[in-house]
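The values are calculated or read from the model by the stated rules, or taken from the named source; none is laboratory data. The model shown is predicted, which means the values in this text are computed figures rather than measured ones. Here the Cβ positions follow ideal geometry from the backbone for every residue, glycine too, while neighbour counts run over all protein chains shown.
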Amino acid sequence: MTATTHRPHAAENEQSASQPTPGSERPGRFIVLEGIDGAGTTSQTERLLAWLGSCGRRGHKTAEPSGGPIGRLIRSFLSAAATPLEPRAMALLFAADRRDHLQREIEPLLAQGVTVLCDRYVLSSLAYQTVAGVPHQVVAQANADLRRPDLTLFFSLPVSVAAQRRAVRGSAVEIYDADSVQQRVAAAYEREALALQAAGEPIVFIDAGRTRDEVEAALRLAITPLLT
Ligand SMILES: Nc1ncnc2c1ncn2[C@@H]1O[C@H](COP(=O)(O)OP(=O)(O)O)[C@@H](O)[C@H]1O
Ligand SMILES: [Mg+2]
């Protein structure tokens, strides 16, 4: 999970179509991108936002931890240099940030017909916080009544490929970065993603080990049915 120091304000992230799109008064779609660090979710979120704009769709990109007060607090604890927070407290902070993020930013945009792309959501908590030792049920309970995504795009790729990409990117070291932790996060992610699918939640598995263009094409294909 990458702690980005700069989170642009909502207005900077938004792309509005110059002409109102027929049917744009319908609630927007809530689309979540998930995957281990280095999978490509952040760069593909940007690509998809640009694509939505080129199709005349109003889109907005956002990420967890949010740019709000709880998100900033979480990022201060994600740094490998920080004194770690007790794992359940961290799980509750992520759930609290998610609730605030929905209420403050995501739901008002969806109500205006904007498609919201969110880089990480509940599945990230289920993967990372269970690996940190919090029981699945505790994480699930804390997130139980939150809005469900209209679609989750789950990026799967070998942990070694993601590690190479992170090395090239060269971002700040975080508490979840060690290879052994990434292996466990990847396994937990896979397990939790399959459980969501079995529970009937809309989730599409994307082979994220391919080129950026190939991954983007697969993502567009998965999203297109939601936009009609
Ligand atoms: N399909 C891809 N092939 C090669 N490199 C990629 C691909 N997708 C992303 N990258 C690169 O890998 C690094 C991690 O991508 P990023 O979007 O930050 O991943 P995430 O947000 O999932 O951690 C970045 O340097 C990015 O440019
Ligand atoms: Mg990222």
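General remarks:
- Region 173-224, subset without any contact (Cβ under 8 Å) to a residue 24 or more places away in the chain and assigned to a loop (DSSP other than H, G, I, E, B), residue nearest to VAL159 (Cα to Cα): ALA178
- Residue match in region 177-200 (condition: within 17 Å of ILE31 (Cα to Cα), at pLDDT 95 or above and within 16 Å of ligand 2 (Cβ to nearest atom)): no
- Sole residue being within 13 Å of GLY38 (Cβ to Cβ) and either exposed (fewer than 14 other Cβ atoms within 10 Å of the Cβ) or acidic (Asp, Glu) (or both), chosen from ALA178, ALA167: ALA167
- Options GLY56, GLY67; residue that is more than 16 Å from ligand 2 (Cβ to nearest atom) and either part of a loop (DSSP other than H, G, I, E, B) or of a type in the set (D, E, K, R) (or both): GLY56
- When ASP150, ASP177 are checked against the criterion of being within 12 Å of ligand 1 (Cβ to nearest atom) and at negative phi, a single residue qualifies: ASP177.
- Among the residues of region 84-138, those identified as of a type in the set (Lys, Arg) and more than 16 Å from ligand 1 (Cβ to nearest atom) are ARG88, ARG98, ARG99, ARG104.
- Considered as a group, the residues in region 143-176 that are among the small types (Gly, Ala, Ser) and away from ligand 2 (no atom under 16 Å from the Cβ) include one that is nearest to PHE30 (Cα to Cα), and that residue is ALA144.
Results for (1) within 15 Å of ligand 2 (Cβ to nearest atom); (2) crowded, with 24+ Cβ neighbours inside 10 Å; (3) of a type in the set (A, V, I, L, M, F, W, C); (4) over 13 Å from the mean Cα position of the chain (by Cα), shown as yes or no for each residue.
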| site | (1), (2), (3), (4) |
| --- | --- |
| PHE30 | no, no, yes, no |
| ILE36 | yes, yes, yes, no |
| LEU73 | no, no, yes, yes |
| PRO84 | no, no, no, yes |
| LEU109 | no, no, yes, yes |
| HIS136 | no, no, no, yes |
| VAL139 | no, yes, yes, yes |
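- Where THR45 falls short, out of the listed (1) buried (at least 18 other Cβ atoms within 10 Å of the Cβ); (2) modelled with pLDDT under 95: (2)
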